[in-house]
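Down below is the structure, laid out as C-alpha cells.
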Amino acid sequence: MDKLWEVPKDQLYSSANTSVNTKKLPRIYSLIEERFSWNKDDVVFDLGSGKGTAHIREFLCKNECIYVPYDPYHFSEEQNKLAVDTVKNFGGADVVVCSNVLNVIREKHIREQVLRQAYEILKSEGVLYIYIYNADNTQKGRCTKEGCWQNNRPTRSYMREVGKVFPQIKRIGDLIIAKKS
C-alpha cells in the first residue's frame, strides 16, 4: 500500500482499545438512515470500523449496500489492503463512514491523514459522514484508559480540520457531512 495508508508510527495512543461498541449499531448509521438514506448497491467504506463489524454488515446488507470495513488496529495489513483494493475496484466508495475516530486521535497530522484517506477512497460524487463522540465536554484531551485518548472536543471544533481536505462541508448536530465537490 502507498504511504497514505501506512499506520502512523508516531501516534502516541493507538485506537486499539477504544472499540467498545461490538454488539450495538453505532449511532452514525441510524443518523444517516434518518436524515438521508442508504441507496441500493452503495459501497460503504467504514474508515476506523473497530472490531465489531458483523452487526454493521447485517444492517447494511438489509439496505442492499456493500460494506467494507477498514481498521489498522483491528485488522491485519493484508485485510486492510484488500479492503482498500476492493473499494478501488468498485471505482471508489459512495459513502465513507468515520465514526468515533477523529476524537480518539491526539495528533492533528494523523487526523488529517485519516481525512485524506477518506478523500482518496471516495468517489467524486460520494459523501463522507463523520460522527464525533464528545466524552465530557471539557475540551481538554486526556488519556481515558491505558492506551486510549479522548479529545473531548465538540463536533463543531473539527470543521476547520475537515475543511482543509474537503471543499464542501456542513454540520447537522453531531454529524459532519463532507463532499469532494
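The values are calculated or read from the model by the stated rules, or taken from the named source; none is laboratory data. Every value quoted in this text rests on a predicted model; they were computed, and no experiment measured them. Virtual Cβ from ideal backbone geometry, glycine too; neighbours counted across all protein chains shown.
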Query raised in the report: Which pairs do you get when a residue that is under 12 Å from residue 5 (Cβ atoms) and at pLDDT 95 or above, found in region 102-124, comes within reach of a residue that is in a helix (DSSP H, G or I) and of a type in the set (A, V, I, L, M), reach meaning Cβ atoms under 8 angstrom, with the pair 6+ apart or on two chains?
Result: 113/4; 114/102; 116/4; 117/4; 120/4; 121/84; 121/87
Query raised in the report: If you go through region 52-59 one residue at a time, do you hit one that is assigned to a helix (DSSP H, G or I), among the acidic types (Asp, Glu) and over 14 Å from the mean Cα position of the chain (by Cα)?
Result: yes
Report task. Return the pairs, sorted by first residue and then second, in which the second residue is part of a helix (DSSP H, G or I) and of a type in the set (A, V, I, L, M, F, W, C), the first residue lies in region 53-82 and is at negative phi, the beta carbons are less than 6 Å apart, and the residues are 6+ apart or on different chains. Result -> 67/60; 68/83; 68/87; 70/83
Requested in this report: Answer yes if at least one residue in region 156-171 is over 19 Å from residue 6 (Cα atoms), β-branched (Val, Ile, Thr) and at pLDDT 95 or above, and no otherwise.
Outcome: yes
Query raised in the report: Of the residues in region 1-45, how many are under 17 Å from the mean Cα position of the chain (by Cα), over 17 Å from residue 113 (Cβ atoms), of a type outside the set (A, V, I, L, M, F, W, C) and modelled with pLDDT of 90 or more?
Result: 6
Query - Flag if residue 40 is in contact with a helix residue (DSSP H, G or I) (Cβ under 8 Å, 6 or more places away or on another chain) and among the basic types (Lys, Arg) - result: no
Report summary line: Selection from region 66-99 of residues closer than 19 Å to residue 27 by Cβ and touching a strand residue (DSSP E or B) at 6+ places or on another chain (Cβ under 6 Å) yields 67, 69, 95, 96, 97, 98, 99
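Does residue 97 count as assigned to a helix (DSSP H, G or I), surrounded by 18 or more Cβ atoms within 10 Å (Cβ to Cβ) and modelled with pLDDT of 95 or more?
Numbers: assigned to a helix (DSSP H, G or I): no; surrounded by 18 or more Cβ atoms within 10 Å (Cβ to Cβ): yes; modelled with pLDDT of 95 or more: yes.
Considered against the rule, which asks whether it is assigned to a helix (DSSP H, G or I), surrounded by 18 or more Cβ atoms within 10 Å (Cβ to Cβ) and modelled with pLDDT of 95 or more, residue 97 comes out as no.
Only one residue in 77, 112 is acidic (Asp, Glu) and under 24 Å from residue 151 (Cα atoms). Which one?
Residue meeting the stated conditions: 112.
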Report summary line: Scanning region 135-179 residue by residue, those touching a Leu at 6+ places or on another chain (Cβ under 6 Å) and either in contact (Cβ under 8 Å) with a residue 60 or more places away in the chain or loosely packed, with under 14 Cβ neighbours inside 10 Å (or both) turn out to be 175, 178
